[in-house]
Every structure is written in structure tokens, then in C-alpha cells.
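The values are calculated or read from the model by the stated rules, or taken from the named source; none is laboratory data. A quick note: this is a predicted structure, and the numbers were derived from the prediction, not measured. Glycine gets a Cβ as well: all are built from the backbone with ideal geometry, and neighbour counts include every protein chain shown. Just the protein is used for accessible areas: all its heavy atoms, side chains included, with ligands, DNA and RNA removed. Shrake-Rupley method; radii C 1.70, N 1.55, O 1.52, S 1.80 Å.
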Amino acid sequence: MGSPEKLNANQIAEKWYSYWLEHKYFHSQPDERRPYTIVIPPPNVTGVLHMGHMMNNTLQDVLIRRARMLGFNACWVPGTDHASIATEAKVVQKLANEGVKKEDLSRDEFLGHAWQWTDDHGGIILDQLKKLGCSCDWDRTKFTLDPEMTESVLQVFVDLYERGLIYRGYRMVNWDPEAQTTLSDEEVIHEEKQGNLYHIAYRVVGSEEKITIATTRPETLMGDTAVAIHPEDERFKHLHGKKVIVPIVEREVPIIIDDYVDIEFGTGCLKVTPAHDENDKALGDKHNLAFVDIFNPDGTLNKEGLHLEGKDRFHARKLIVKELEKSGELVSTKPHTHKVGLSERTKAVVEPRLSDQWFLKMEQLAKPALSAVEDGTVKLFPKKFMNTYRHWMSNIRDWNISRQLWWGQQIPAYYYGPDKQDFVVALTQEKAVEKARVKTNNPTLSIADLTQDEDVLDTWFSSWLWPISVFDGIRNPDNDEVQYYYPTQDLVTGPDILFFWVARMIMSGYTFRDAQPFQNVYLTGLVRDNQGRKMSKQLGNSPNALGLIDKYGADSVRVGLLLSSAAGNDLLFDEALCQQGKNFANKIWNAHRLLQGWEIDDSISQDSVAKQGIEWYKYKFQKELTIVNDHFDKYRISDALMSIYKLIWDDFCSWLLELVKPSYGKPIDSQTHAEVVEIFENNLRLLHPFMPFLSEELWHVLGTRSAEEALIVSSWPKSEKVNENVLRIFSHTMEMVSSIRAIRMQKNIPMKTPLQLIEETKQVDYYEQVVCKLASIDSCTVAKEMPEQVLSFRVGTSAYFMPFSLDNPVEEMRKLEEELSYQKGFLQSVQKKLSNSRFVDNAPESVVAVERKKESDAHEKIKHIEQQLAQLQR
């Protein structure tokens, strides 16, 4: 079966992906085999493929394809996330562009637009993953707002509420004024920002005295309801029981005494704004202060802002500073660097805000999840993230799970009283009515008398159930699928959502199934550009992911990504890596075409060089297979690929094919050809998880295969015993060949000019016929007497000589004397280090051993150069 001269990567990819889908190789059903399960970190339903997705999903595909070849029942569950904040923001923006405001729509009308948006844009990313070669079980595709997934989420809410773990509370929360919703603590990013520290004078009532407070947020003074001082602060003891007047609003507020105030910090006087700071709220509760909320949900000032009502909070800050300057109440302004909380989604500055919200108690849920990672039931790769995980889980706070949005799972709480104090929690409206009738002792109560909570649940409250809910393990906990596939084996995700998602999935696993959701967590790094910058649209440094696939082919992009993506370390992406992947693909393609182009002759027997070369490569393959398997066991996927890359590029293409290649115009014997084809097939088995399309194409070109014999379902190579002696001898032989070739190039001796090889004594075994064929050597002999003019080289401690008439012996002697001088200087520096007792006594034994080896090698090289000089001086 012939193949084209040039590799058409995209044509091959389309052909084989269709073939795989047609034969349902990706589909999994419970059977007698051991399962190997991965659940995809669900991307946003309306998202598009970016470099982070490419890397993360390539890693997952490598793992799932290898597991399939190892004989596991491999199941990779795909799906998408409804992404409440991000999706609702896009829909609101779309409507705004059409002149429609969200507040002018009913909930059902808005959700109609949201579902239309999702239908129009949703799922694109899953089709893009197919172009990358992802072998997901597409029949199992889930969406976090699918009816059965939503029912699972609501059932969990009801269950946790009935266990007393979910409660409603009036608390200080993180408010995103742009998305107009609350955020959990983990959704707030704290960044250093340059701002100002404003010192403002507050007049003491009934006195000309003023006290000075310091704040970074002068606009919040409109919500001040006290000034606090420390009871032991001698500077202000005379102010105990007094009041001050808040500037601009002219509000009289008490001076309260509390040891929370740090005497040494700032001015010692603390403005207290209970509605807009968590610590101030605690003081407000303790001292029974008034709570004055000065902000609208969008971050503008409300009526409490008086003449600044409707002004944006940051604009209001500037206006207030000007007023304070004009009135003389601004004492000073100093530059000040401080941490500011930003919304992880919208990047808006987060506003502390008091609000009725739903919370989940976390302390009880966190304990088994922390133990699972500490005792190794769940393993993190790399281990360096263990401390981060432990810190988060040991300092966990209750989770604010309600969001002031419409896109998502609506909280199943139903109010039946005049205010929101009386409510029931139930899975359906019908069950809510039943519960409310019992609670009120009113059998005539109907659905019309109930009002469902307007809020939706945090998106993470659906995705924390993902490994269970994709197998319907919440609604039907004893079903065959969840019993078979859960716990899953590996999770591949980013460390940025180690707490958001990974930790919460572990908590939900123990809460609802009393078992960990996965065994291993492989944490990838961020994809950065080659300057180390995070990729972003603003910087214009984020390549078009699909454009790369079109240009280089999916296999080449996969290789390019993985060659530089060590676990947990950021990947410095350079498009040149994709070119390197393409070069590798072409190298493999051309190796196949070389093999395909040889004429086969059944009548000739295998020569010794081919026999020795094939024997060596089989052992070399086995040695590398052991290394590759070890890399996989330790989730060093990039290292596994690099081992395979070197094996195929260097050992197979550069050495083995040269060893077995017949002379120009001559045929190859059938035994050698068959054995090399078998070797090539084993190479393809190793390659398949990384380069699925090219490997499948060549697998079928090398032989006629049935659907059951496709590479995707073939066996991963089996480990066999390695003959280390053969590898040692061949390694020495390769160094000899490389040295002779280097001398030929240096002295301009063409390969068609044969040379003789002489040893003084036979010290180390080597394959003479291999040296003769690959280095164009006529004969290999042992002789005590050397000709007057020789070329020489060393491999280890063995010296080799080749008789050759030098055109310029004087120039050759000059070069040797230069090399001798260098080697003596090098030896002197090594001996100086070894004569230092502090180095020898304190350095690790392995380091000292390396230096002693350098000393020994230098002695041998000096001896060899002196022998060469002696030969030339005869």
C-alpha cells in the first residue's frame, strides 16, 4: 500500500477521527474489565478553545489512550459548565446592544434569551476538542444545567439543608458591582494597588478639638456611625463618652472604646463603617451601632450619599476629597500601597456588602477531604501543592452559595410569610406546598401563596458534584454506572482551581458517597508566552488554537505543547515548538517511506550488522519502555514524550535504519524487513497516545488491519528483560562510529576513502562490522607497533588509531600541544578542588565521585595526546 510523499496531517486527522467515531472506540459501558475513568474539567458552555484547554485536554487524551491500550475500560466523560456569571454577563451585553435592559424583562423572558444564546454558541468548544484528537465518550456529554444534573444539585441543597449544614444569614459578603452578585471568598483575587491614604479631621461635639482618622476610602465616611479608640490610649482618654461630627454628612456619631483598635497603627482613631467593612460590622454588632448602606448594587451612591446620589463610587471619592480640601478637613494625602480585592470573573473592585445570603457550613465537610490528601488516598502531582491545600482546608470558612443572578439553578427555598423569615426548602413546588401546609397548619395553602427565592446557586455548587452527577450518582446512588466508574482514577486541571473545584469535589465525594472522587490529581501549569507573560487578548500574545492545528496538524501541536509542560510548572509556549512537532512527524513519515521503498528479496539471508542492530534496538526499546512507564507512573508526561522522541529520532531513525539499510540499488532480506516493520509498529504503539492520527495512519499502511486490530485498541508494549551487556557494547560502538565520522569531517576524508582501525590491546568489546559499515573502515586489528602517521581517538579508556598520511604534521602537532595544555590546566583545577579538605569532607559523595572521575579521565586524555605527539615526533 503506497503513501504520498508528503504528510497531509489535517486530511489524515479527519479520516481517522471519523473512523474512530464510526467504530465507537471512545464509548464505554460497564463490563468485566477494570475501569479507568477521567471526567473533563467542564469548560464554559459558550467558550472557545484556548492554549490552556489545548494543553489540559491533550494531557487527558494521552492518559486515556494509554489506559485503553493497557486493557482498561477507558471512559472519558466530556461536558460543559453553565458559568452563571460569565454567561449572564454576555447575555446582558447582547441585550444591551439590542437596546433591551435585563430589568425590563421577566425572569422567564431573560432565561429564554440565555437559552437561545447557549444554543447558538454552546458546544463549539467540544467540537474544537475533536479536532485536537480528544477521545471522549461523546455519548456521555453532560451540561451542568441538564434537567437531571439540575435535579441532582437541588436534591443536594435540600439534603444539606435538612442536615443543618445550609443556613440563611445576614452577613458581610463580597459584592461584584459589575456582575451585581455576591462572590465566595475564593472568587476574590487580592492584588497590590497604588492608592492614597487620606487623613481626615472629625470635630469633637461641643469642642474646637478635632481628631484625625486615616482611610483609603473617604467616600465611605457617609456610612460612618462611630469612631473607635483603644481604652488604654492615653491620648484620647478625655474623649471617652464623647461624640464627633462626620464631615460632609454632619452626622453626630459616638466615640466607642474597644481594644480591637491598634494603638500603634495610624492615628489611633478608627472610623467605623459597619455596612461596608467586615471588621467594622463586628464592632457595629458589639456596640449596637447603626448600619448605613451608602451603595446601590451597581456601585453608585444611593440616597445616603446625599448630593452625590447616583455618582460612581470612585468618582464620588474624588468629589469628596475636593470638598474636604475646600473645608479644610483634609489634613494630608499620602501615597499608599495596599491590597485590593478584585472579582475573579469581571476584575471589578469587590465591595463588602451586608446581605441576606445562603451559606454552607464547611468545617465538618473539610475534615475528611483534608485527611484524604494527607494520608495519600488522593495524591497531588506535583507534591508542592500539598501545603497550599492544607492551608486552605485548615482555614476554611463557610461558603456563600447564593448568587444574585437568573442564569443557573434557582434556590429551592419557598417563602410563605409577609417577609422572608418564613420559608420551606423542597425539591419541587408541590413538595414545598406540602411542607408549608404542615408548618403553618394551613391545609388550604397553595402554590400561589409561595414565592421561590430569586437567587441561583453558585456555579461551583453544581460542578463540585461533577464526578458523581455525570453518572447519576446523586439521584440514583446505587445505579450500575456510578458503582462501576466511581471513584474515578485521574483528574487533570490547573492549580488555580485547586480549592474552587478540586477540594470541593473531594468534600462532596466523602459527603455523598463516603469515598474520594479520584485517586490522582495532575496539576498543570499556566501556558505563558516565550517571555513568561500570561496569555491574554490585551497583550495579543495568545495564538489562535485552531489556527495552529490548521497550520501544523493536531499531532504536531500536541507534541509541541507537551515537550515543554512539566507537571505544575508554567509552560513557556513558542510556536517554534509546534514546528518541532511537525519536524518530528515528518521524520517518522519519511522513515516509513524509506522502509516502504526498499525492495525485498526472500532469497538472501540476514547479515550480521542487521542482526546486531536489531538485537540492540529491541533491548534499547525495552530499556526506554521501562523509563517511559516510570514517567507515566509519576505523571511526568512531558518526560515520557521526550524519551520516546529521542528513541525514535536518534536510535531508530539515525542508527537502526542506517544499520539495516541495504547498499544503494540492492534489496533487503525479508527477515530484516519483517523485524524492522515489527519494531516500527512497536514505536507506533508508544507514539499513539501523543500522536494519535499519524500513528494510526502508519499502523494501517504497514499492514491490513480489521476494525478490531486498529492501533487505538491495540496493546501497549509489554516489558521484557534487557541485556545490559549488549547495550553497553553497542553504546561503545556508537561512540567509536561518531568519533571516526567527526575525524573524517575535520580532516576532510570522504566516506568513500576506507580507513584501517588499530588497537594496541583489545580492552573493550565492540561490534566490528557495525563500525566497518557505518564509519567506512576496511579492517579492525590489534598491533603493538604503530605506523609513523596516525589519526587517533579515545572512547572511555580505550585508544584507537587509524593510519593516515597527514598533509601538515607541524600543524597537527600545534593543535595537539594546544589540547595538551588545556587538559593539563583542567587537571590542575580539578586536583586543586580535590585537595581542599573542606570540599571533600562536606560535599555529597556523588559530587566528589564526579570530580575524581574527571581527574582520572584527564590523566587518560593527557597520556593519549602525549602518545600522539610522540608518534609525530619520530
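Observations on the structure shown:
- Residues of the stretch 20-76 classified as polar (S, T, N, Q), modelled with pLDDT under 95 and assigned to a loop (DSSP other than H, G, I, E, B), total: 1
- Some residue of the stretch 255-263 being at pLDDT 90 or above, open to solvent by 30 Å² or more (accessible area, probe 1.4 Å) and assigned to a strand (DSSP E or B): yes
- Residue in the stretch 114-121 that is of a type in the set (Val, Ile, Thr) and open to solvent by 50 Å² or more (accessible area, probe 1.4 Å) present: no
- Residue in the stretch 335-347 that is assigned to a strand (DSSP E or B) and in contact with a His (Cβ under 6 Å, 6 or more places away or on another chain) present: yes
- Checked against (1) among the hydroxyl-bearing types (Ser, Thr, Tyr); (2) open to solvent by less than 40 Å² (accessible area, probe 1.4 Å); (3) part of a helix (DSSP H, G or I), Thr388 meets all criteria but (2).
- Of the residues in the stretch 560-575, none is at pLDDT 95 or above and within 30 Å of Asn683 (Cα to Cα).
- If you go through the stretch 542-559 and keep only what is open to solvent by 10 Å² or more (accessible area, probe 1.4 Å), modelled with pLDDT of 80 or more and part of a loop (DSSP other than H, G, I, E, B), you end up with Pro543, Asn544.
- Pro717 satisfies every condition listed in (1) open to solvent by less than 80 Å² (accessible area, probe 1.4 Å); (2) assigned to a helix (DSSP H, G or I); (3) in contact (Cβ under 8 Å) with a residue 60 or more places away in the chain; (4) closer than 22 Å to Asp651 by Cβ except (2).
- With respect to the conditions (1) assigned to a helix (DSSP H, G or I); (2) on the phi > 0 side of the Ramachandran plot; (3) of a type outside the set (D, E, K, R), Gly665 lacks only one, and its number is (1).
- Condition met for Asn683 (free of Cβ contacts under 8 Å to residues at least 12 places away in the same chain, outside any loop (DSSP other than H, G, I, E, B) and either on the phi < 0 side of the Ramachandran plot or hydrophobic (A, V, I, L, M, F, W, C) (or both)): no
- Among the residues of the stretch 497-541, just one is among the charged types (D, E, K, R), within 30 Å of Glu162 (Cβ to Cβ) and outside any loop (DSSP other than H, G, I, E, B), namely Arg504.
- Inside the stretch 138-149, residues that are touching a residue at least 40 places away in the same chain (Cβ under 8 Å) and either open to solvent by 30 Å² or more (accessible area, probe 1.4 Å) or not in a helix (DSSP H, G or I) (or both) make up a count of 8.
- Scanning the stretch 365-372 finds no residues that are open to solvent by 10 Å² or more (accessible area, probe 1.4 Å) and in a loop (DSSP other than H, G, I, E, B).
- Subset of the stretch 721-741 (residues that are touching a residue at least 12 places away in the same chain (Cβ under 8 Å) and either closer than 30 Å to Ser28 by Cα or of a type in the set (Gly, Ala, Ser) (or both)): Ser739
- Looking only at the stretch 12-62, and only at residues there that are more than 21 Å from Ala585 (Cβ to Cβ), touching a Phe, Trp or Tyr at 6+ places or on another chain (Cβ under 8 Å) and hydrophobic (A, V, I, L, M, F, W, C), the one that is most open to solvent (accessible area, probe 1.4 Å): Leu21
- Residue match in the stretch 471-492 (condition: open to solvent by 30 Å² or more (accessible area, probe 1.4 Å), assigned to a strand (DSSP E or B), more than 20 Å from Pro368 (Cβ to Cβ) and not hydroxyl-bearing (Ser, Thr, Tyr)): no
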